[in-house]
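A short write-up of the structure that comes next.
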Amino acid sequence: MIHTEDNIDVEHNDDDDRLVKLASDGDQDAFAELVTRYQSMVYNLAFHSLRIADDASSVSQDVFLKAYRALRNFRGECKFSTWIYRIAQNTIRDYIRSRSRRIMPVSLSEYDGDSSEVRQLDIPDTDPSVNPIMVYERKTRDEEVRLAIASLSETHREIVILRDIEGCSYEEITERLGLELGTVKSRLNRARAAVKDYLCKRNIL
């Protein structure tokens, strides 16, 4: 039997419904499975909006805490993935509004004011046997891509994260963002063009 993308989405959503029912009845393992499935999506959305790994982790925890507390009120009017995404959107926006300090781009290592502590970006370690110059260049490119995505408008940034980082189908994106398919595709094209332009201006591409 050949599974299309739509068939896989349906099966995943049916399983989500099962897990939600179990979790709402107090099954901790079921909720843990839901967290495992969507923690990457939530964290990526938070990280590319806030640009600070610690803040993104804190917000992600808040998102799932809110979801757990509100789970009994989830009536299935939309997919669970859409519901958790909207909680994430609102939590991130609230965090940005409440944060008193200004968000500044963080370089690979940056001294914070009078403190001698160096802040490091949460970039996965690479094989130490690799040429250190190549490692540095790769990390620099990774950071520039992150900054390029962060420079997008909120609607364009969300679409890039969902499609190009999370690999969501167009159907999932239209539902989560409440947009028509044509709008999603056109905004994705503009977002990708903006990221490419950002990187070209910095001689990354």
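Which far-off residues, 5 or more places away or on another chain, put their amide H under 5 Å from the one on Leu179, with H placed in the peptide plane?
none
Set the Förster distance to 30 Å, then compute FRET efficiency between Asp94 and Thr36 from the Cβ-Cβ distance, nearest 0.05.
0.75
Only Cα pairs under 8 Å and at least 6 apart count here; give the relative contact order of segment 1-99 as a rounded whole percent.
27 percent
Given the C-alpha centroids of segment 27-66 and segment 153-184, what is the distance between them in whole angstrom?
Their Cα centres are 18 Å away from one another.
Label Asn189 and Cys78 with points 7 Å out from Cα along Cα→Cβ: what is the distance between them in nm?
2.6 nm
Would you list the P(r) distribution for segment 1-99, with all Cα-Cα distances sorted into 5 Å bins from 0 and each bin expressed as a whole %?
2, 13, 23, 22, 16, 13, 8, 2, 1, 0, 0
Find how much the distance from Lys139 to Lys66 grows on full extension, using 0.36 nm per residue of separation minus their present alpha carbon separation; answer in nm with one decimal.
My answer for the length gained is 22.9 nm.
Sorted by average packing, counted as other Cβ atoms within 10 angstrom per residue and highest first, what order do 142-148, 163-169, 84-90 take?
84-90, 142-148, 163-169
How many nm is it between the label spots at Leu22 and Asp54, if each spot is 7 Å from the Cα in line with the beta carbon?
Between Leu22 and Asp54, the label points sit 3.7 nm apart.
Read the figures in this text as sums done on the coordinates, not as results from a lab. Here the structure is a predicted model, which is why all the values come from computation and not from measurement. Positions of Cβ are generated from backbone atoms using ideal geometry, with glycine treated the same way; all protein chains shown enter the neighbour counts.
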